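The values are calculated or read from the model by the stated rules, or taken from the named source; none is laboratory data. Computed from a prediction, not measured in an experiment: that's the story for all the values here. So basically every Cβ, Gly included, is an ideal-geometry build from the backbone, and we count neighbours across all protein chains shown.
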Amino acid sequence: MSRERIGLGVIGFGWMGQAHTRSYIRIPTLFPERTFDPDLTIISDNVTDRIDQAVESFGFRSGTTDWADVINHPEVDVVCICAPNMLHERVAVAAAAAGKHVFCEKPVGGTPEQTVRIEAAARAAGVITGVGYNYRWAPLVQYAKQLIDEGSLGEITNYRGRFFSMYGADPMGLLSWRFKHDQAGYGVSTDILSHSIDLAHMLVGPITKVVGTGHTYITERPLPKAGGTHYDRGRPGDPTGPVENEDYFAAMVEFASGARGVFETSRSIIGPESQNAFEVYGTEGSIMWNLETMNEMKLYLTSDRARGYTTVYAGDRYPYHGHFVPGDANAIGYEDMKVIEDYEFLSSVAAGRQHHPGFSEAIDYVSVQDALIRSWRSERWETVTRLAEV
Ligand SMILES: NC(=O)c1ccc[n+]([C@@H]2O[C@H](COP(=O)([O-])OP(=O)(O)OC[C@H]3O[C@@H](n4cnc5c(N)ncnc54)[C@H](O)[C@@H]3O)[C@@H](O)[C@H]2O)c1
């Protein structure tokens with residue numbers, strides 16, 4: 001079977017850069033029906049050891065400390081942006097101007113304004129875009145969407161979304177780029193809340209009104225050391241600097257459908273280690289899902305004579321799952337969601353069609369975020385207005 005070669009240039013070889021690269025390597029073994037073959041063309045990172053690792057252990061054909069080399073490489077078709085948020089706008093705008101398709105890790109921009117400019121540049125260039133809202137690709141989340149779309153839960157009345165993570169819970173965690181406004185943008189409202197709203201938009205539809213509030217609990221952190229990562233720790237007495245964005249955000253919302261919802265996100269909470277969870281309630285049923293137990297979903301249907309929550313285990317009868325393991329209740333994991341995400345994005349590129357979620361969905365998200373930031377300041381309900389380049 002003849003397949004289109006897709007040349008890949010990855011920018012940033014930390015957690016996400018490595019995860020996407022493992023996806024590109026695994027796709028041919030997991031998706032024999034694919035219409036393309038990923039080609040690891042060039043990697044960029046500003047840490048040379050990471051470039052060496054990418055070339056020697058992952059199989060990239062070349063590496064560079066200058067991300068512009070990736071954009072300008074004639075054999076690169078897709079630029080995958082996995083660098084810290086402050087680089088996204090410059091890289092994405094340059095990649096689109098060079099006619100490259102762009103996959104950008106979330107958030108597309110650190111602030112709503114940056115996201116608007118990036119989306120406008122990609123739209124003007126006519127390139128295909130994708131965003132790393134990976135949780136929507138979990139097989140049971142896809143199944144939840146099927147159940148909601150086919151009306152099994154009846155009319156959706158209310159939604160609860162939360163993303164509680166401990167990635168910023170240790171006060172000795174360094175003042176990495178994630179905690180600086182000029183490098184990350186806002187805090188959890190830019191970061192993990194985007195995943196919660198993406199899931200809600202996919203499952204229940206657009207949000208039209210919001211009221212919200214944020215807070216920073218850990219206001220000072222030890223200064224980072226050269227070459228370190230976000231996960232390094234300081235020691236009491238180390239010099240510190242101020243945290244510039246919020247640890248916590250909470251919101252009440254109204255959906256266009258009339259459903260109501262509540263959201264809560266924190267990066268500095270103690271206990272829930274990576275609790276990206278949702279509950280959807282309808283007139284005839286409800287669903288609960290939590291990333292920490294991503295191979296399980298609780299389902300309640302009034303049509304079920306037994307009445308009570310049923311535990312649904314992920315298995316090969318649900319979307320994508322059988323690509324990884326056959327049978328019932330054999331679990332899949334975090335990076336498998338990234339593989340599905342990358343498979344779907346590269347399939348869109350090979351077919352020449354716009355991808356979802358792309359930068360348009362990122363605008364949907366930052367339009368909600370913009371209203372939330374306004375509400376935090378005004379202490380009132382605010383209407384969501386779709387942001388777009390004027
Ligand atoms: N989808 C998700 O669930 C998810 C999870 C984590 C992170 N992210 C996003 O992915 C992006 C990267 O986060 P991460 O956790 O991988 O961060 P990371 O710190 O682990 O990796 C970032 C990498 O970028 C490199 N880098 C920095 N400046 C560079 C430059 N000028 N040129 C090239 N490389 C440069 C760093 O050396 C590092 O290797 C962020 O936007 C983040 O929000 C998404």
Within the stretch 183-198, is even one residue over 18 Å from the mean Cα position of the chain (by Cα) and in the same structural domain as Ile269 (by TED's automatic domain parsing)? no
Got a sec? Which helices (runs of 4 or more DSSP H) wholly within the stretch 79-152 have at least 1 residues that are within 21 Å of Ser23 (Cβ to Cβ), of a type in the set (Val, Ile, Thr) and away from the ligand (no atom under 13 Å from the Cβ)? 139-149
Just to be sure, is Pro357 buried (at least 21 other Cβ atoms within 10 Å of the Cβ) and not in a helix (DSSP H, G or I)? yes
Just to be sure before I move on: is Ala256 farther than 26 Å from Ala83 by Cβ, in the same structural domain as Gly161 (by TED's automatic domain parsing) and without any contact (Cβ under 8 Å) to a residue 40 or more places away in the chain in the structure I sent? no
Subset of the stretch 38-71 (residues that are among the charged types (D, E, K, R) and in contact (Cβ under 8 Å) with a residue 24 or more places away in the chain): Asp39, Asp45, Arg50, Asp69
When the stretch 180-208 is examined, which residues are found to be surrounded by fewer than 22 Cβ atoms within 10 Å (Cβ to Cβ) and small (Gly, Ala, Ser)? Ala184, Gly205
Out of all the residues in the stretch 55-68, which are outside any strand (DSSP E or B) and within 10 Å of the ligand (Cβ to nearest atom)? Thr65, Asp66, Trp67, Ala68
Filter the stretch 1-38 down to residues that are in contact with a Ser or Thr (Cβ under 8 Å, 6 or more places away or on another chain), more than 16 Å from the ligand (Cβ to nearest atom), not in a loop (DSSP other than H, G, I, E, B) and not charged (D, E, K, R), then give me how many there are. 2
Quick check on Val325: is it more than 18 Å from Tyr133 (Cβ to Cβ) and out of contact with any Asp or Glu (no Cβ under 6 Å at 6 or more places or on another chain)? yes
For the stretch 130-146, check the following and say yes or no: at least one residue is small (Gly, Ala, Ser) and either under 30 Å from Thr283 (Cβ atoms) or free of Cβ contacts under 8 Å to residues at least 12 places away in the same chain (or both). yes
